[in-house]
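Enquirer: The structure under discussion is supplied below as structure tokens; questions concerning it will follow.
Read-outs throughout are calculated quantities, based only on the coordinates presented, and are distinct from any laboratory measurement. Just so it is clear, the structure is predicted and the values come from calculations on it, not from any experiment. Note that each Cβ is placed from the backbone with ideal geometry, even for glycine, and that neighbours are counted across all protein chains shown.
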Amino acid sequence: MSHRRFCLLQRYLHFSDNAAFDPQNHKCPKLVKVWPVLKHLNEKFSETVTPERDVTIDESLMLFKGRLGWKQFIPLKRARFGVKCFMLCESISGYVWSIIIYTGKDTILKPEYSKLCFSSQIVLTMMEPLLHKGYCLTIDNYYSSPELADKLVSCRTDTCGTLNLKRKEVPKEMQKKKLKKGEIIAFQRGKVTVMKWMDKKKV
């Protein structure tokens, strides 16, 4: 295929009907051009595979250098500039089970979780079909918090991951306690346990 033909196909390839677009009633106006594709993929991802017990949620950055109101700059990522996606994956195989594209304050999230912080809303929205089924979710310190752990445990879902000690509900003693190498401190509330271990640095 010639470069000219490829560019023409790319130019005229559309997945949505512009004439039928109603910004007032569309679920995600910012993603209208790719919405049918994204919706189809999410449906097929979840229909095709039933994930194993261990799952994880993390973000990915798709390289994009064009103009976009919600384009992200994440210096630690390889792409650095692009569109941020949140992905729910099976831990063993890495199979992507669900995707949410970040579009700023208009990111599609379940309204029933609106009183929680944004990262907790992401987790609960993506995990909703798997709640009350005995899954175990692994997350990093961007998502994890005692509040989220309580919510997941109440939904028969285990969780583990690193924790930012500045999060709400983290015991003050844990934040202030200085440990020597090899020492461990732990606090438990109900079924939620927070541990701090001093290796070469705090873990």
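Enquirer: Once label points are set 7 Å from the Cα along Cα→Cβ at both Glu43 and Tyr95, what is their separation, rounded to one decimal in nm?
Expert: About 2.0 nm, to one decimal.
Enquirer: List every residue whose amide H lies under 5 Å from the amide H of Trp97, counting only residues 5 or more places away in sequence or on a different chain, with H placed 1.01 Å from N in the peptide plane.
Expert: Close amide H contacts, sequence-distant or interchain: Leu88, Cys89, Glu90.
Enquirer: To make sure I understand the rule: partners must be lysines, Cα under 22 Å from the Cα of Lys65, and not fewer than 8 residues away in the same chain. Which ones qualify?
Expert: Partners within reach: Lys30, Lys33, Lys77, Lys84, Lys105.
Enquirer: Which of the lysines could be linked to Lys177 by a straight reach, that is with a Cα gap under 24 Å, when you skip same-chain ones fewer than 8 residues away?
Expert: Counting by Cα, and skipping residues close in sequence, Lys177 has these lysines nearby: Lys166, Lys168, Lys191, Lys196, Lys200, Lys201, Lys202.
Enquirer: For the stretch 1-155, calculate the relative contact order in percent as a whole number, restricting contacts to Cα pairs under 8 Å that are 6 or more residues apart.
Expert: 19 percent
Enquirer: Rounded, prolate or oblate for the stretch 1-119? Axes are the square roots of the Cα gyration tensor eigenvalues, ordered a ≥ b ≥ c, and the cut-off for rounded is a/c under 1.5.
Expert: Taking the square roots of the gyration eigenvalues as a ≥ b ≥ c, the stretch 1-119 is rounded.
Enquirer: Another question, if that's okay. State, to one decimal in nm, how far the label point of Arg4 lies from the label point of Lys180, with both points 7 Å from Cα in the Cβ direction.
Expert: 7.8 nm
Enquirer: Could you give the length gained on full extension between Phe73 and Asp150, defined as 0.36 nm per residue of separation minus the Cα-Cα distance, in nm?
Expert: 24.5 nm
Enquirer: Taking the dipole about the Cα centre of the stretch 123-193, with the C-beta of Lys and Arg at +1 and of Asp and Glu at -1, give me whichever of Thr125, Ala149, Pro171 is farthest to the positive side.
Expert: So the residue we want is Pro171.
Enquirer: Arrange the peptides 72-85, 138-151, 37-50 so that the one whose residues have, on average, the most other Cβ atoms within 10 Å appears first. Could the numbers behind the result be given before it?
Expert: Working: 72-85: 14.4, 138-151: 19.6, 37-50: 12.6.
Final packing ranking: 138-151, 72-85, 37-50.
Enquirer: Now, a different point. Determine which aspartates and glutamates satisfy two conditions relative to Lys151: a Cα distance under 20 Å, and not lying fewer than 8 residues away in the same chain.
Expert: Asp54, Asp58, Glu112, Glu128, Asp140, Glu169
Enquirer: Now, a different point. Suppose every Lys and Arg Cβ carries +1 and every Asp and Glu Cβ carries -1, with no other charges. What dipole size does the chain come out with about its Cα centre, to the nearest 20 debye?
Expert: 1160 debye
Enquirer: Cα centroid distance between the stretch 109-164 and the stretch 24-84, in Å?
Expert: Cα centroid of the stretch 109-164 versus Cα centroid of the stretch 24-84: 19 Å apart.
Enquirer: Can you list residues whose amide H is under 5 Å from Phe21's amide H, if they're 5+ apart or on another chain and H is modeled 1.01 Å from N?
Expert: Answer set, sorted by chain and number: none.
Enquirer: Rounded, prolate or oblate, given the Cα gyration tensor of the stretch 85-163, with a/c below 1.5 counting as rounded?
Expert: Rounded, because the longest to shortest axis ratio a/c is under 1.5.
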